[in-house]
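Engineer: Quick one: this structure, given as structure tokens, is what I'll be asking you about.
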Amino acid sequence: MTAVHESSTPASTPATPPPEAVGPVDRSPAEELAQLLTRMKRAHRTQGAPDYAARMKSLKALEKLLEGHKDEIAAAVSKDFGNRSRHESLIAEAYLPIEGARHAMRHLREWMEPERRAVNFTFLPARIRVLYQPLGVIGIIAPWNYPVNLALAPLVGALAAGNRAIIKPSELTPETSELLKRLVAATFPADQVAVVTGGAELGEIFTRQPFDHLVFTGSTRVGKIVMRAAAENLVPVTLELGGKSPCIVGEDISPEEAASKVMAGKLFNAGQTCIAPDYVLVPADRRDAFVDAAKQAVAKLYPSLAKNPDYTSIVSARHYERLASYLADAETRGATLVPVNPGSETLDPAQRKMAPTLVLGTTEDMAVMQDEIFGPILPVLTYKSLAEAIDYVNDHPRPLALYYLGHDGGAVDRVLRETISGGVSINETLVHFAQDDLPFGGVGASGMGHYHGYEGFETFSKKKPVFFQARMNTTGILRPPYGPLVDRLLSLFIGK
């Protein structure tokens, strides 16, 4: 862009040239983002909260965006990853947010209805209601692992609640980010939904903006930074952070059934999923049987790895090296690595396809047991009693997801009662995320706040309490000057 320099015209010349004489002005990313946010806030004030029909139109437009461009989205994500399973992309990046939009459209009218509440009987015949009012402009910071889903799933709730939104996608998926920017610009008015692209510097600037609500999906470390930055403007945040999600295998489930479910959840998107099973706890006397069953499960899911379009690559060389360092560190510290390569192929590191690897004999000082793995590496831990397994989970930060595989109802109840996690799937992995009528969110180190379905609508709304006074009322007796009647009433209500 062309910069405007200081004028060299004589003093008698007007200091400000006519508008048509002023060329484009170079603006910093911070200035451009601030101006975009200002325009959106102004539009929100001047145009007011959108009605039911307008919100339905926006949700329908989002649904059509995903339906009409699903193949372009899958291709862009695959290009960013090096190879990303087309089917995984259609499931995660298209189908799930489409279903989220459809769910919102089915329930939007009832969500928008003022909520009746019971007025304190001493104030009858007044009435009270809770009104749901859009907050304004929502900021959404999306990660690289599901770059469309985790940008548009929060947008569903924001639009249903009547808000505007600015989305900052990840710089690690540039093809997808640019595609998303084009598609959103072609679908929504610029003052309703916009996508801004850039690197870490823009991300930092983004978190410092005075949004009406900020959604961040990413690591716990960065989540702390985001929360500190948002606090400067007292911006409320929803943080979806992940962590080390455990899977407990019960005594009464076969190793084959358990391993099938664990490995399917672990290897979807090559483990690059915030709710993937991060480690598994198995009964001590069944560890070897589980390992054998896991090998069989992988062979069934992915008979080959190198050229298998269904087996996803690691997103970048940096993340591939990070995962390789976990394995090297674990082996150096005494762990046993069990690579699972059904076709006995040579995997070129340049293609960033990493063989699923079980890690046995882990200790707490290993990096693989300290960091969220985010890859096809599965530590296999053992326990001697369910109490021991529960204690292990509770001795660590609260995870975003927890899985229990087993058919003993008492054991299931105990795990649910004695552990705290963002969400749970029993006898399955991952799929609680796909339930639009369940809230999704973390707890403690794995995040705060919820979205999906009604909880998304609620998160992005101000629940405004309203008291409606009746024409004929008795409130006057509670105002001075007080007399004997008030004394008698207070004695009645409070007690002598």
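Laboratory data are not the source of any read-out in this text; all were calculated from the coordinates shown. Values in this document were obtained by computation on a predicted structure and should not be read as measured data. Cβ sites come from the backbone with ideal geometry, for glycine too, and all protein chains shown count toward neighbours.
Engineer: DSSP loop GluC sites (Glu not before Pro) in the range 190-272 with at most 12 other Cβ atoms within 10 Å of their Cβ, which ones?
Structural biologist: 232
Engineer: Relative contact order for the chain: what is it in percent, counting Cα pairs under 8 Å that are at least 6 residues apart?
Structural biologist: So the answer I get is 17 percent.
Engineer: Now for a different question. Over the range 246-440, what lengths in whole Å, largest first, do the semi-axes of the equivalent ellipsoid take, defined as the square roots of 5 times the eigenvalues of the alpha-carbon gyration tensor?
Structural biologist: 26, 18, 17
Engineer: Based on a Kirkwood Rh over C-alpha pairs, give the Stokes-Einstein translational diffusion coefficient of the range 362-496 at 25 °C and viscosity 0.890 mPa s in µm²/s.
Structural biologist: 123 µm²/s
Engineer: What trypsin sites (Lys or Arg not before Pro) does the range 314-414 have in DSSP loop regions with at most 15 other beta carbons within 10 Å?
Structural biologist: Passing sites in the range 314-414 are 333, 384.
Engineer: Name the lysines eligible as straight-distance cross-link partners of residue 463: C-alpha to C-alpha under 29 Å, and not fewer than 8 places from it in the same chain.
Structural biologist: 41, 57, 60, 168, 224
Engineer: Given a Förster distance of 35 angstrom, what is the FRET efficiency for residue 251 paired with residue 231, based on the Cβ-Cβ distance and rounded to 0.05?
Structural biologist: Efficiency for this residue pair is about 0.15.
Engineer: In debye to the nearest 20, how big a dipole does the range 246-440 give about its Cα centre with +1 on each Lys and Arg Cβ and -1 on each Asp and Glu Cβ?
Structural biologist: In total the dipole reaches around 540 debye.
Engineer: Based on the Cβ-Cβ distance of residue 86 and residue 115, what FRET efficiency does E = 1/(1 + (r/R0)^6) give at R0 = 30 Å, to the nearest 0.05?
Structural biologist: It comes out at approximately 0.10.
Engineer: Could you tell me which of 281, 249, 375 has its Cα farthest along the dipole of the range 246-440 towards the positive end, charges placed at Cβ (Lys, Arg +1; Asp, Glu -1), taken about the Cα centre?
Structural biologist: Highest projection toward the positive end goes to 375.
Engineer: Excluding same-chain residues fewer than 8 positions from residue 384, which lysines have a Cα within less than 28 Å of its Cα?
Structural biologist: Candidates past the 8-residue exclusion: 244, 261, 266, 295.
Engineer: Aspartates and glutamates within cross-link reach of residue 462: Cα-Cα under 17 Å, excluding same-chain residues under 8 positions apart?
Structural biologist: Leaving aside aspartates and glutamates fewer than 8 places away in the same chain, those within reach of residue 462 are 51, 110, 113, 115, 212.
Engineer: Which values, in whole Å and largest first, are the semi-axes of the equivalent ellipsoid of the chain obtained as the square root of 5 times each eigenvalue of the Cα gyration tensor?
Structural biologist: 45, 36, 20
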